[in-house]
Amino acid sequence: MSNPTMVVLHLTTGQVLAAVAAGARTPTVDDLTGSTSLHVRTPAGTVEVTPELLTSTTVARDADVLTRPTSFRVTSGVPPVTLTSALTSLPGTAIGAAGAACLSLWQAGDELEVMHDTLDNGGVLLTGTKPPGATHRLVAPQGGSLYYDS
């Protein structure tokens, strides 16, 4: 008998946004997003992440990841999915390593504005220009926790 697995959808920076146990099937990003977007709920609202920003990875099934996927990230270590802090509000302090890559996914009406940032020498995300009409965002530093900002 094989070990049960699940598929996680994650950003290139490692943060898991969704997880699904699909039995013997291995659904793709397009299968799980309907080829449109993945709706990620934050306390500020929903960010609709487009499929081209997502990667699917098959890992051992874990009930905690299935229950609260945004509290985990994909790593190259063993186990491949590791716990981070739960989705929280973006602090004004360090959120990652100095110079680390960071994605900001701004929700502006029904559009997603993607910004590629770099953390400063203290690991802090500098406040950039908010896109017109943007109301809130997901912030994903390389190898760190997932944050929301409004």
Might you check whether a residue that is farther than 19 Å from Val49 by Cβ and out of contact with any His (no Cβ under 6 Å at 6 or more places or on another chain) occurs anywhere in region 105-117? no
Search region 61-103 for residues being among the basic types (Lys, Arg) and part of a loop (DSSP other than H, G, I, E, B), and hand back the single one that is farthest from Arg25 (Cα to Cα). Arg68
When you scan region 22-36, do you find a residue that is in a strand (DSSP E or B), open to solvent by less than 30 Å² (accessible area, probe 1.4 Å) and touching a helix residue (DSSP H, G or I) at 6+ places or on another chain (Cβ under 9 Å), even just one? no
Listed residues Val7, Val16; which is over 14 Å from Arg68 (Cβ atoms) and either assigned to a strand (DSSP E or B) or not aromatic (Phe, Trp, Tyr) (or both)? Val7
Go through (1) at pLDDT 95 or above; (2) open to solvent by 50 Å² or more (accessible area, probe 1.4 Å); (3) in a strand (DSSP E or B) for Trp106 and report which single condition fails. (2)
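The values are calculated or read from the model by the stated rules, or taken from the named source; none is laboratory data. Everything quoted here is computed from the prediction, not taken from an experiment. Virtual Cβ from ideal backbone geometry, glycine too; neighbours counted across all protein chains shown. Just the protein is used for accessible areas: all its heavy atoms, side chains included, with ligands, DNA and RNA removed. Shrake-Rupley method; radii C 1.70, N 1.55, O 1.52, S 1.80 Å.
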